Amino acid sequence: MSEQQEQKKMAGCEKFEAALEDYASGELPRRDAKRLTVHLESCHECREALEDARLSARLVAVFSEAVDPGPGFTQRVMAQIHVAEHWVREQRSFWRPIEAWSWRLALSASLALALLFSYGLRSNAPSAAPEPSGVLVPQTDAFAVPISAPPSTGDEVLMAIAEKHHERY
Amino acid sequence: MDNVPKYVAASATAVAMTARPRTAKPDDRELVRAAQKGEVVAFEELVRRHQQRVMAVVGGVLRRREDIEDVAQQVFMKAYVSIGRFDMRSAFSTWLYKIAVNECWDYLRKKKVRPLSYEADLSEEQVRHVEQFVSTDSHGGGNPSDRAELREIVERLLGELSEEDRVMLVLKEAQGFAVEEIGRMLNLNVNTVKVRLFRARRKLAKTYRRRVGAHS
Ligand SMILES: [Zn+2]
C-alpha cells in the first residue's frame, strides 16, 4: 500500500497516533487506554499500526547496548580542560606586554597625527580645501588596522581550542 | 593520570555547600552555581553525574561508536566554556543534552558522513539473522560480531528515515529517553514527537517487510 493510500485509510485515525505511541510504550493512562482499546477492536488499520510499532521497537533494540564511558572519562575531560586553561593563561601573559606596547604605539601615532594635522591646518590656512597629505595616509592606517589582535576573552580561546581538538577527527 | 592537577583530582565533596547539611549531596543547581563561580571540582562532579546520559545522547545520533567518546568530551568542553551563560531556566541536563545534539549535528556536517549504501540488498544470511532476532527475545546473538552485524542491518533499514526521525526513534527506544526529554532536545513539542515517532516506527516496519519479510 502506498503511503498516500495509507494516509487516506488512516484518515480519522490520526487523532489516535499520539495515543498509539503512548500505548505501544505502555505509557497511556488507563482511561485513554480503555477508549483506544474500544477503537482498536473495530479498526484493523490501527491494530496493524500498533503491530508495526512493536516490530520497530524490537528492531531498534539492537542499539540499546549502553555505551559505558568508563571511570577514566571524567579525568580525561578535566585534564583536557586543564590543558586548555593553562594554554589560555600562557597566551594572556604572552599578549599582555604586546597589548600594552600596541596601545602605546597607537597613542604616539595619534599624538603624531594630531601634531601633523594642526601643523597642516596652519600651513594650508589660505587654501579652502587642503589636499590630503601623503604623509597622513600611513598614519591613519595605524588606526584602521589594529596592530595586534590579542584574543578577546578566555572563553573564545577555550572554544577555539575545543574546536581544534575537534578537527582532529 | 599524572598530568591531572591536584585541585582537579580533589573529591567533589569538597565543594562548599550552601544551606545544606554536609552529608547531603549537592543537587545540580548548587553544583552549577559553584561551577559558575569557577569551582572546577563542582564541574567535575557534574561531568561524573551526566557522562553516561550524554554518551547515550551522542550514541543515539552518531553511527560510529569510536567517535562517541570524542564528541562526548567535546560536549563537556563546550559546557565548561559556556556554563557562565546558563541561566538555569531549564534543568542542567536538558541544557547539556541540547549541546550534545548540536555537537553531533555539527560533527556529522563537518565530517560529511555519507549514508551507507542502504539500498544494497541484504544477503540471505543477513535476512535470516535479523529475522531470527525479531522472532526471539534474544539480545541480538551471543557474540559481539553478531550484534555488530545486526546493528549494521538495522542501520541500513533506518536509512530510509530522515536523520531526525532516526535519532528520535533510537533515543526513545534504545536509549530510554522520555518523549518530553526528546522534545526539549530537538525543540519540538511533545505531541509532535509522539506523532513523528509513531510514523517513523511504521515506516521502519514497512521497510523491514519489504526488504526482509519479502525474502522469507
Ligand atoms: Zn483506527
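Assorted remarks:
- Across all directions, the shadow cast by the convex hull of the stretch A:7-64 built on its C-alpha atoms averages 4.2 square nanometres.
- Using a 1.4 angstrom probe on protein heavy atoms only, the contact between A and B buries about 5800 square angstrom of accessible area, both sides summed.
- Within the shell of other residues whose beta carbon sits under 14 angstrom from the beta carbon of A:Lys34, the net charge comes to 0, with Lys and Arg scored +1 and Asp and Glu -1.
- With viscosity 1.567 mPa s and temperature 4 °C, the Kirkwood radius over alpha carbon pairs of the stretch A:53-103 converts through Stokes-Einstein to a diffusion coefficient of 84 µm²/s.
- Averaged over the residues of peptide B:73-79, the number of Cβ atoms from other protein chains lying within 10 Å of each residue's Cβ is 6.
- For the stretch A:61-82, there are no residues whose amide N sits under 15 Å from a probe point set 7 Å from the Cα of B:Asn143 along the beta carbon direction.
- If you take the alpha carbon atoms of the stretch B:124-215 and fit the smallest convex hull around them, that volume is 97 Å³ per residue.
- Per-peptide packing, taken as the mean over residues of other Cβ atoms within 10 Å, places B:166-179, A:76-89 in the sequence B:166-179, A:76-89 from highest down.
- The phi-based Karplus calculation (6.51 cos²θ - 1.76 cosθ + 1.60; θ = phi - 60°) puts the 3J(HN,Hα) values of the stretch B:43-50 at 5, 4, 5, 5, 4, 4, 5, 9 Hz, whole numbers, x for Gly and Pro.
The values are calculated or read from the model by the stated rules, or taken from the named source; none is laboratory data. Not measured: the values here are computed from a predicted model. Glycine also receives a Cβ, built like all others from the backbone with ideal geometry; neighbour counts cover every protein chain displayed. Just so you know, the surface numbers come from the protein's heavy atoms only, side chains and all, with ligands and any DNA or RNA stripped out. Shrake-Rupley method; radii C 1.70, N 1.55, O 1.52, S 1.80 Å.
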